[in-house]
Amino acid sequence: MTRTSRHEGFVSFDALFSLVPITIMLSYSMQLAGLETGYAAERLAGQQLFDKLVSAADYTVDSGAVVRGGGVRYPGWIEPGLLGGGYTEKLEGMEGLSSLYIGMVEPEGGYRMCIYRFVVYGAEKAAGRLFVCGS
Amino acid sequence: MGPRRPPAGFSSAGAEHMQTIEAMLSLLFFLSLSPMLLPPEDPANLDDSLYRLQLAGDAWRVLHLRGCLRDLDDQSRGTLEAELGALGGLSGLCFFMEGIDTTNCRSGETRSITSSLRKTAIYDGRLRTIAFSVGK
């Protein structure tokens, strides 16, 4: 038997030793890629929630809960009484949110995100903020 | 003496291939470390450009609905600043009306303007363009 026939084949000691660090590096890179994907998904979810709250607030301030009279609606002039009676629940379902709050008083907590819009309310058109919070 | 043979147990072409692959994977590995070396991205870094414009429009509309933009002149600027002060008290924001030099934040501190609208109002009986800005 010749020497060369004993050492045929691609697999050598060098290749065997190289496989260990290569495997470790590949494993780490895949874990990092998974982490980055998770962060990106979280950022996207936050942006989606924010956009939904902005949309709900815009509808409420422009049309949904505004004072109406004589066939005219007054954007920016809120009728607080219109915010009850299932209004918020209806918007919550339409926006696909798990919870939604719309009111003139800032809630204590329990919502992932809150925004507000400047409005006037009441017969005196007092200046105030309309809070829209959701999760 | 014949040509040199590679040492026993080693395939030179295979070793070169493995070294190239190792070098490429090492480069990929160090590149993957770069997100850890960069400053962490603020998770609350939302795109709120539309919302900021809406807030500025809301503030202008509140002034309009409360009649503060009617018959504007030098005497009514005080009332206007009081209204802006009320809005600023609710939100902590600063409002600037360039063109008629009216604001609720005159402390002289540097403010960052978050949004700005171009509006037209009647001032002293004449049309005047006002840059209505909101800042922090």
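The values are calculated or read from the model by the stated rules, or taken from the named source; none is laboratory data. Because the structure is predicted, anything quoted here is derived from the model rather than measured. Don't worry about glycine lacking a Cβ; one is built from the backbone with ideal geometry, like all the others, and counts go over all protein chains shown. To get the accessible areas, we keep the full protein, side chains included, count just its heavy atoms, and leave off ligands, DNA and RNA. Shrake-Rupley method; radii C 1.70, N 1.55, O 1.52, S 1.80 Å.
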message: Suppose each label sits 7 Å from its Cα in the direction of the beta carbon; what would the residue A:94-residue B:20 distance come out to in nanometres?
response: 6.2
message: Can you compute the FRET efficiency between residue A:20 and residue A:45 using 1/(1 + (r/R0)^6), with r the Cβ-Cβ distance and R0 = 41 Å? Round to the nearest 0.05.
response: 0.60
query: Of the accessible area of the protein assembly as shown, with the probe set at 1.4 angstrom, what percent is carbon plus sulfur?
result: 57
- line: Amide H proximity to residue A:119 below 5 Å, modelled H, separation 5+ or other chain, gives A:128, A:129, A:130
message: Below 17 Å, Cα to Cα, which lysines can residue A:52 reach? Residues fewer than 8 away in the same chain don't count.
response: A:90
- prompt: Using θ = phi - 60° and the Karplus form 6.51 cos²θ - 1.76 cosθ + 1.60, what ³J(HN,Hα) does each residue of region A:33-42 get, whole Hz, x for Gly and Pro?
  reply: 4, x, 4, 4, 4, x, 4, 5, 5, 5
statement: Cα pairs beyond 18 Å in chain A, in percent, come to 67
- request: Take the Cβ-Cβ distance between residue B:77 and residue A:124 as r, set R0 to 22 Å, and report the resulting FRET efficiency rounded to the nearest 0.05.
  value: 0.45
field: Contact order normalised by residue count of chain A, Cα under 8 Å, 6+ apart, percent
entry: 20
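Before I look further, what does the protein assembly as shown give for accessible area per residue, probe 1.4 Å, in whole square angstrom? Walk me through the intermediate numbers first.
Values: 16650 Å² over 271 residues.
On a per-residue basis, 61 Å².
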GluC sites (Glu not before Pro) restricted to DSSP loop in region A:60-135 with at most 10 other C-beta within 10 Å: A:108, A:124
